[in-house]
Amino acid sequence: MQPSQKMGIESNEPLTPAGRLFVQPATELVINCVLGIDQSVGLETVHSVVSNSLIVKHPRFTSLLVTDKHGRERWKRVDIELDRHIIFVPNPVNDNNNNNNDDDDNDEVAVNDYLANLTVSCPLSTDKPLWEMHILDAHKCVVIRFHHALGDGVSLLSLLLTMCRRVSDGEKVPTVETTSSSAVRNSREGAGICGWLKMMWLTLVYMVEFCMKCLWVRDKETVVRGGAGVELWPRKLATAKFSLDDMKTVKSAVFNATINDVLFGVISSGLSRYLENHSTKPLREGLQITGAAMVNLRKSSGLQETTELMNKNSGSRWGNKFGMMLLPVYYHARGSDPLQYVKRAKIMIDNKKLSFEAFLSYKIGYFIMKCLGARFASLLNYRIICNTTFTISNLVGPKERIMIAGILVTYIRATSSSLAHVRMYKLYIPMT
């Protein structure tokens, strides 16, 4: 049996509907992930790690994207040439590194600028499998680029972690947090008649709002809202770090809150402060700013065990399996109680979890792709991006400190190629 058959993936098969969506010009996406490491790593070391990894065995990473005579996109298995995928950059990528005495800050700015440039000016070549690695030797990091047609963030990061090992035990792969989504399911099953009526009502309201955003309703113009064509503009990438202990302190101040609630409260407050400081016109109190959140629909939330991803009969199988839900935040002038942002975020997110918005958005998108084609589905996705203000993705990392080729991994961060608005990633990695 071929490796591809063991993985439950054919070596020469059509793209999935979600995969076809991500190769359309308006919605083509590349995921750019950075692994920071404790010391410089040579080209030979990276070549050795990749050669012995699942990447060179996985059909998606050893196949070309081709179009058959009927105009359908397919994967075509080829012999992989690692030298074309691994790019070694020995020198600093930013000439302005001497402006700051802190080497870590210098590296962060340089790597962020490098990523920002990749998002708008460097698409992946289609004459080779759709991934590559850039070794930024002077900045002690590796930039890994995957086309979104290969899989979603959960699939790709789960595969990436198979190349890593625990610091505490160099023979074992990192422990993956595969927490079940049963809490939400149990709350639905034990809700009773009133609870089910609430679920149905919330689902109806949210799906009407979702459809309206797809078609004509858009956020008001602000200094942070994008629109058609913005994805072609030069980009700026910034990172922010928050103490998990501080997050837990805030979390304990709001009954039954989660870290996600706290982070979304921080985002809400931050957007209000930014708009207040940079808007040229007065803003209406309570102005809605809408985010589009990607929601993993697998049975287990978070990263997945690779064996589950490769199992053809698994509900957590490889690919793009996520829905979308709209997360509104509201502008409030300075002086508002910061905890109110967290409380509002908790109420809104709890209601969203209770509804079937993410599941239905996935099913409707799948139906449109099958019946009306990838171009029409791409147009609707592009419209909802243009009509909202930001996108947010969220992923929990491994539970312990990790290393690759015996070198400590100091951080992991990710972004994607340009969208028509702001892109936010939340990635939780224990590195201390």
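Is it the case that region 226-247 has a residue that's touching a residue at least 40 places away in the same chain (Cβ under 8 Å), within 18 Å of A292 (Cα to Cα), in a helix (DSSP H, G or I) and in contact with a helix residue (DSSP H, G or I) (Cβ under 6 Å, 6 or more places away or on another chain)?
No, region 226-247 contains no residue that is touching a residue at least 40 places away in the same chain (Cβ under 8 Å), within 18 Å of A292 (Cα to Cα), in a helix (DSSP H, G or I) and in contact with a helix residue (DSSP H, G or I) (Cβ under 6 Å, 6 or more places away or on another chain).
Can you tell me which condition S272 does not meet? The list is (1) within 27 Å of N381 (Cβ to Cβ); (2) hydroxyl-bearing (S, T, Y); (3) at pLDDT 90 or above, and all the others hold.
(1)
Tally up the residues in region 195-217 that are touching a helix residue (DSSP H, G or I) at 6+ places or on another chain (Cβ under 8 Å) and assigned to a helix (DSSP H, G or I), please.
12
Do any helices (runs of 4 or more DSSP H) lying entirely in region 297-403 carry at least 1 residues that are over 20 Å from the mean Cα position of the chain (by Cα) and modelled with pLDDT of 90 or more, and which ones are they?
Hits in region 297-403: 338-354, 357-372, 374-387.
Please work out which residue is modelled with the lowest pLDDT, limiting yourself to region 404-432 and to residues that are polar (S, T, N, Q) and either open to solvent by less than 40 Å² (accessible area, probe 1.4 Å) or part of a strand (DSSP E or B) (or both).
Ranking the candidates gives S418 first.
Of all residues in region 191-235, how many are at pLDDT 85 or above, open to solvent by less than 30 Å² (accessible area, probe 1.4 Å) and over 20 Å from L419 (Cβ atoms)?
So the answer is 5.
Looking at region 19-39 only, could you name the residues that are open to solvent by 10 Å² or more (accessible area, probe 1.4 Å) and in contact with an Asp or Glu (Cβ under 8 Å, 6 or more places away or on another chain)?
R20, F22, V23
Within region 40-59, is there a residue that is open to solvent by 20 Å² or more (accessible area, probe 1.4 Å) and part of a strand (DSSP E or B)?
No: zero hits.
Kindly check whether there is at least one residue in region 141-161 that is closer than 22 Å to L43 by Cβ, acidic (D, E) and at pLDDT 85 or above.
no
Condition first: within 24 Å of I364 (Cβ to Cβ), part of a helix (DSSP H, G or I) and among the acidic types (D, E). Can you find one or more residues in region 256-263 that meet it?
No, region 256-263 contains no residue that is within 24 Å of I364 (Cβ to Cβ), part of a helix (DSSP H, G or I) and among the acidic types (D, E).
Can you tell me which condition T239 does not meet? The list is (1) surrounded by 12 or more Cβ atoms within 10 Å (Cβ to Cβ); (2) closer than 21 Å to Y330 by Cα; (3) of a type in the set (V, I, T), and all the others hold.
That leaves (2) as the condition not met.
The values are calculated or read from the model by the stated rules, or taken from the named source; none is laboratory data. If you're wondering where the values come from, they're calculated on a predicted model, not measured in any experiment. Heads up, the Cβs are rebuilt from the backbone with ideal geometry, glycines too, and the neighbour counts pull from every protein chain shown. Heavy atoms of the whole protein, side chains included, go into the accessibility calculation; ligands, DNA and RNA do not. Shrake-Rupley method; radii C 1.70, N 1.55, O 1.52, S 1.80 Å.
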